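Notes for the one structure printed next.
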Ligand SMILES: Nc1ncnc2c1ncn2[C@@H]1O[C@H](COP(=O)(O)OP(=O)(O)OP(=O)(O)O)[C@@H](O)[C@H]1O
Ligand SMILES: [Mg+2]
């Protein structure tokens, strides 16, 4: 069976900075892969190549075994990639429903917006998935007025709405309370249960360990190693992460 | 138990109502604000110059001259919401007319004046759109701030107008024989100016485009947070180029109607409209920082600007004052908006 997603020998440099070097990365069907690595290791750069935001300097990207030559964000979304970016990617001066459908507005064939439908869907999502309790929040409220956790909730629910095959979460727990984090972990487990795949990035090793089937460690733009989660204990993983940070080597 | 339930229910419903009222104020506040300014000024003008502002003629005069710049202020609103700026539109007005004249001059073989004028009119619109496209390309391809790029193209196209027309003005009396003249700048029932109808149509289409079309949704998103828009797959370059094409198109259109109105071509066409167009947009509440702004605000802003011009003359100030006042309005409305934005954060 083909991998849902595969990167072959992918490198990316920004001028002088070599952010990624010869990355070989696979995401299986119905697999949750956790990405761990220090600040500036290249995790966000890696996922932005998958989402089509960055073009790799060299290397290949394959979806379901098929090579995709010029991956763009709309193309990746078509291929079923939805993303919660580290920077959230919200438009704070706009209303909630415009943020939920950012870049994917529901329109007729003339490009005219189906505003009532987008409002209704937003309302439904807020009640069902987001669990927003604050009565101040409705589809017409401005995202600028939301709390940090609520903003993150918008970014997360948006990624889950479009029935993605691959869900990428770049530090989704940033700014979330304990309760909200617990709910997020449940979300990720639901992704697994629904037969979909996900890439999960978090600085909290415990979170990654709790949800990932496999953990890939990135260090200074290279893959330093990977583990099947059930073959390793949390203590050993923590030890190895500290060793990587200090020596650049897992063992 | 039931009693408590009911009272919480009632409280939350009342809560929701109070909130929605607040939200209404937040959503429509700027537009209500500009309406308030409009009526306030109107009353002041009537008191200051009753002989002018109580006669219907003055209102016909507004509807006749305000459309020349208001038609450009509508697409300029979109450009500014997208976080960009265009200062070249006055030159595009004139370049459109140069294309008109060149096309008219090159088609003496067409006997039907209406067809010939129509063809020249289309040439003007195409030229305006093309210049907008070039503006857009310079800005998105080379990443040059639009303010700087369009200062450059403003001079370039004004120069082109002077070179191509050899600096000569001239009469357009032949256009009166074409159906296009009454269709663009006629008087319905002998009084109501046709260009006002065009302005209303363009304002409505502009509103739909900005508020109920994907294009407008993307304009707001780009001006709000271009990085977010790009991360979520919006082609920010293409949308921005399209916005510049729109203002190019409507500047050429405005150039034609302003020239038809006086049945004369001046190579300086448009120079008087830079400030009034900009002032309409900023007075109308569109943010210089991008991301917010409305068509209704700009529409009302344009009429306030028109009234101020009439009022300065009516109260006995010379025309020199209008420029000073427009400049003041731009600065004050931009400051006010920056202040409101800070407070909202
Ligand atoms: N657009 C860019 N231009 C130049 N350099 C960049 C750009 N994006 C990332 N980099 C560099 O690439 C390297 C990897 O950055 P990246 O954001 O992928 O790290 P990260 O692993 O996500 O870190 P963090 O955990 O802090 O989010 C860093 O050295 C960063 O400075
Ligand atoms: Mg990162």
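None of the figures in this text is laboratory data; all of them are computed from the coordinates on show. All values derive from a computational prediction rather than experimental measurement. A quick note on method: Cβ atoms are made from the backbone with ideal geometry, for glycine too, and the neighbour counts reach across all protein chains shown.
Taking B:153, B:318, B:77 in turn, the Gaussian network model of chain B (Cα-Cα springs below 10 Å) assigns the largest fluctuation to B:318. Computed from the C-beta positions of residue A:124 and residue B:28, the FRET efficiency with R₀ = 22 Å rounds to 0.30. DSSP finds beta bridges in chain A, and of those with both partners inside it, around 55 percent are antiparallel. Taking B:99, B:73, B:124 as the candidate residues, the one with maximal mean-square fluctuation in a Gaussian network model of chain B, Cα springs under 10 Å, is B:99. Extension gain, residue A:162-residue A:75: 0.36 nm per intervening residue step, less the Cα-Cα distance, totals 29.9 nm.
Need one number: the % of Cα-Cα pairs in the range A:22-152 sitting beyond the 21 Å mark. Across the range A:22-152, Cα pairs with separations above 21 Å total 54 percent. For the protein assembly as shown, the convex hull spanned by the alpha carbon atoms encloses 208 Å³ per residue. For residue B:59 and residue B:208, a Förster radius of 35 Å and the Cβ-Cβ distance give a FRET efficiency of 0.85, rounded to the nearest 0.05.
For chain A, find the longest principal axis of its Cα atoms and tell me its angle to the long axis of helix A:148-161, 0 to 90°, nearest 10. Its long axis makes an angle of about 90 degrees. Checking the a/c ratio against 1.5 first, then a/b against b/c, what shape does the Cα gyration tensor give for the range A:73-125? Here the range A:73-125 falls in the oblate category.
Global size of chain B: 22.5, 91 Å for Rg and Dmax (C-alpha atoms, Rg to one decimal, Dmax whole). Mean residue ellipticity at 222 nm from the helices of chain B, using -39,500 (n - 2.57) per DSSP H segment of n ≥ 4 over the full residue count, to the nearest 500 deg cm²/dmol? Computed ellipticity for chain B at 222 nm equals -26500 deg cm²/dmol. Compute the distance from the alpha-carbon center of the range B:282-341 to that of the range A:72-98, in whole Å. Distance between centres, Cα-based: 36 Å. For the range A:121-251, averaging the sequence separation of C-alpha pairs within contact (under 8 Å, six or more residues apart) and dividing by the residue count gives a relative contact order of 15 percent.
Could you calculate, for chain A, the ratio of the Cα radius of gyration to the Kirkwood radius, expressed as Rg to Rh? Ratio of gyration radius to Kirkwood radius for chain A: 0.98. Averaged over the residues of A:85-94, the number of partner chain Cβ atoms lying within 10 Å of the residue Cβ comes to 6.
Among B:342, A:12, B:237, the ranking by other beta carbons within 10 Å of each residue's beta carbon, starting with the fewest, stands as B:342, B:237, A:12.
The calculated FRET efficiency for residue B:35 paired with residue A:147, based on their beta-carbon distance and R0 = 30 Å, is about 0.35.
Centroid-to-centroid, using Cα positions, the range B:63-102 and the range B:175-253 are 10 Å apart. Only helices enter the 222 nm calculation for chain A: every DSSP H run of n ≥ 4 contributes -39,500 (n - 2.57), and dividing by all residues gives -9500 deg cm²/dmol, rounded to 500. Within the protein assembly as shown, antiparallel bridges make up roughly 60 percent of the DSSP beta bridges whose residues both belong there. In terms of other Cβ atoms within 10 Å, A:145, B:191 run from fewest to most in the order B:191, A:145. In terms of its C-alpha gyration tensor, the range B:126-222 has an oblate overall shape, because the principal axis ratio a/c (a ≥ b ≥ c, square roots of the eigenvalues) is not below 1.5 and a/b does not outweigh b/c. For chain B, relative contact order (Cα pairs under 8 Å, six or more residues apart, normalised by length) works out to 29 percent. Using C-alpha pairs below 8 Å separated by at least 6 residues, the relative contact order for chain A is 27 percent.
Summarising the label geometry, the points placed 7 Å from Cα in the beta-carbon direction at residue A:235 and residue A:110 lie 6.9 nm from one another. Select from B:280, B:120, B:173 the residue whose mean-square fluctuation is largest in a Gaussian network model of chain B (Cα-Cα springs shorter than 10 Å). Top of the fluctuation ranking is B:173.
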